[in-house]
Number of protein chains: 2
Amino acid sequence: MNSEIVGMIAGALSCTTFLPQVIKTWKSKSTKDVSLNMFLIASIGTTLWLVYGILIHSISIIGTNIVVLIFSLTMLLLFFKNKDQHKQKTEE
Amino acid sequence: MNSEIVGMIAGALSCTTFLPQVIKTWKSKSTKDVSLNMFLIASIGTTLWLVYGILIHSISIIGTNIVVLIFSLTMLLLFFKNKDQHKQKTEE
């Protein structure tokens with residue numbers, strides 16, 4: 001078995017892991033059951049992977065982690081956006 | 001800067017990314033806002049990373065992905081457990 005093919009499929013899946021959550025939260029506008037800490041840890045971890053990729057000049061690590069970082073930061077934005085909306089609703 | 005130190009911290013954070021979600025769902029018993037597909041993709045992706053790690057004999061990749069796989073599978077179990085409880089409640 002070609003190990004690099006397995007690695008590439010694994011990498012592609014890792015890239016898209018957070019996408020279904022972004023879509024679900026985008027539609028439902030609710031993050032009650034979702035852990036904010038999960039996406040905080042993911043954002044910091046992915047940023048460090050990006051730094052690591054730049055330091056060792058690995059295009060694969062840089063590319064993968066830019067995609068994951070975009071989804072993680074989008075989730076953080078949705079968290080704060082939904083929090084504001086919730087606040088507005090409570091104030092009304 | 002020592003790139004391997006950055007890589008090790010990044011790896012440690014990646015290992016624990018799903019842990020806050022497992023704890024939150026374990027306590028709240030609610031997965032309404034959480035994407036099941038996210039953890040399905042994560043479980044398949046992590047299994048492939050594990051296979052890749054075994055194929056290229058990388059202890060770091062094997063170790064990291066065993067930890068992530070345990071958290072992903074725990075989340076899938078919590079999804080199905082909570083679904084059953086929800087069903088029981090509806091039937092009562």
Whether segment A:1-73 is rounded, prolate or oblate, judged on the alpha carbon gyration tensor where a/c under 1.5 counts as rounded = oblate
Where in chain A are the DSSP H helices whose alpha-carbon span along the long axis reaches 24 Å or more and whose Kyte-Doolittle mean is at least 0.0?
-> A:36-55, A:59-91
Go ahead and run the numbers for FRET between A:L73 and B:I56, Cβ-Cβ distance against an R0 of 41 Å, rounding to 0.05.
-> 0.85
With an 8 Å cut-off on Cα pairs and a minimum separation of 6 or more residues, tell me the relative contact order of chain B in percent.
-> 37 percent
Mean accessible area per residue over the protein assembly as shown (1.4 angstrom probe, all protein chains present, square angstrom) is 59 Å²
Taking segment B:11-92, which trypsin sites (Lys or Arg not before Pro) meet the DSSP loop condition and have no more than 15 other C-beta atoms within 10 Å?
-> B:K29, B:K32
For chain A, with a Gaussian network of springs between Cα atoms less than 10 Å apart, report the residue from A:S28, A:S14, A:S43 with the top mean-square fluctuation.
-> A:S28
If you take the accessible area of B alone, add that of A alone, and subtract the area of the pair, what total do you get in Å², probe 1.4 Å, to the nearest 100?
-> 3000 Å²
Accessible area of segment B:3-91 belonging to carbon and sulfur atoms, whole % at 1.4 Å probe = 71 percent
Once you've got the Cα coordinates, tell me which of A:K83/B:K83; A:K29/B:K27; A:K81/B:K83; A:K27/B:K81; A:K32/A:K83; A:K27/B:K29 are over 19 Å apart.
-> A:K83/B:K83; A:K29/B:K27; A:K81/B:K83; A:K27/B:K81; A:K27/B:K29
What shape does the protein assembly as shown have by the C-alpha gyration tensor, where a ≥ b ≥ c are the square roots of the eigenvalues, rounded means a/c under 1.5, and otherwise prolate means a/b greater than b/c and oblate the rest?
-> oblate
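The values are calculated or read from the model by the stated rules, or taken from the named source; none is laboratory data. Since the model is a prediction, treat every value here as computed from it, not as a measurement. Every residue, glycine among them, receives a Cβ derived from its backbone with ideal geometry; neighbour counts consider all protein chains shown. Heads up: the accessible areas ignore ligands, DNA and RNA and are worked out on the full protein's heavy atoms, side chains in. Shrake-Rupley method; radii C 1.70, N 1.55, O 1.52, S 1.80 Å.
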